[in-house]
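Report on the following structure.
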Amino acid sequence: MSEASTKIKNFQKSLIAFDFDGTLTTAKFRSSWQAVHEYFGTWATHGKRALQQYINGEISYTEFCIADAYPWIDKSEEEYQEALATINLRSGIEELLSFFKDNDCILVIISQGLGDLVKKTASDYDFDFWVANDLIRRDGRITGEVVVNVDDHMKGKICLSLLEYFNIPPEKSIAIGDASADIELFQMAQISIAIEPSSIKVAESANFVCKSKDLREIKTFFE
């Protein structure tokens, strides 16, 4: 936990914007894309290379997603769902979300991860809105096509649009994430919480830092 001496006050009826990979899932799965690669045995041969090309600026984010999906072409829906099933949610998710709902908060997920798992989680835990990236299947097979709904510079803009849609003032925005892709979201939100941050830069970008693996610990920041 951070050693912050103050707690978050007057958070009732806020918009709580969650990242998904590494935030609502365990830190082992900071990328659902990588988790699927590891299940299919394609991380070392394809996924890691595509990530490095993206980091080096050699390919765009959309090209990165397509390169990620390429080695999965013709994998069956059953195989894909089995890969997603290896990704675990953090302990305490039900308790944390119930805490926010009891305080009339709007819960949203803004993720660059794979939409199928995000959609299931949002449905299971009654989120008000979710958005993520879609891996296309046709006739029960992965096609290699990807619909990018959230790229590397969209999280903040999406959150601002959601504040307007739900008629919530910006000072009632709280962002919860774990990685560098969430920094823009942190900068936009009035309050930001990093859970098990992936780097010092991420930790320094947040108002509060939670080092626990359990989402229930986040409640201790609130009065």
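Here are the numbers for the structure shown:
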{"quantity": "In the stretch 68-81, the residues that are over 20 Å from the mean Cα position of the chain (by Cα) and either exposed (fewer than 15 other Cβ atoms within 10 Å of the Cβ) or aliphatic (A, V, I, L, M) (or both)", "calculated": "73, 74, 76, 77, 78"}
{"quantity": "Counted residues, the stretch 29-46 - those being within 19 Å of the chain's Cα centre (by Cα) and among the small types (Gly, Ala, Ser)", "calculated": "3"}
{"quantity": "Count of residues meeting criterion [at positive phi and either modelled with pLDDT of 95 or more or not in a loop (DSSP other than H, G, I, E, B) (or both)] in the stretch 1-53", "calculated": "3"}
{"quantity": "Filter result (of a type in the set (Val, Ile, Thr) and either without any contact (Cβ under 8 Å) to a residue 40 or more places away in the chain or in a helix (DSSP H, G or I) (or both)) within the stretch 150-196", "calculated": "158, 183, 193"}
{"quantity": "Yes/no for residue 91 being in a loop (DSSP other than H, G, I, E, B) and surrounded by fewer than 19 Cβ atoms within 10 Å (Cβ to Cβ)", "calculated": "yes"}
{"quantity": "Options 152, 128; residue that is touching a strand residue (DSSP E or B) at 6+ places or on another chain (Cβ under 6 Å), under 17 Å from residue 176 (Cα atoms) and among the acidic types (Asp, Glu)", "calculated": "128"}
{"quantity": "Subset of the stretch 125-149 (residues that are assigned to a strand (DSSP E or B), touching a residue at least 24 places away in the same chain (Cβ under 8 Å) and among the charged types (D, E, K, R))", "calculated": "137, 141, 145"}
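So that you can scan it fast, the table gives a plain yes or no per residue for (1) in contact with a strand residue (DSSP E or B) (Cβ under 8 Å, 6 or more places away or on another chain); (2) surrounded by fewer than 21 Cβ atoms within 10 Å (Cβ to Cβ):
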residue	(1), (2)
171	no, yes
178	yes, no
190	yes, yes
206	yes, no
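The values are calculated or read from the model by the stated rules, or taken from the named source; none is laboratory data. These figures come from a predicted structure and were not determined experimentally. For neighbour counting, all protein chains shown are included, and Cβ atoms are generated from backbone atoms with ideal geometry for every residue, glycine included.
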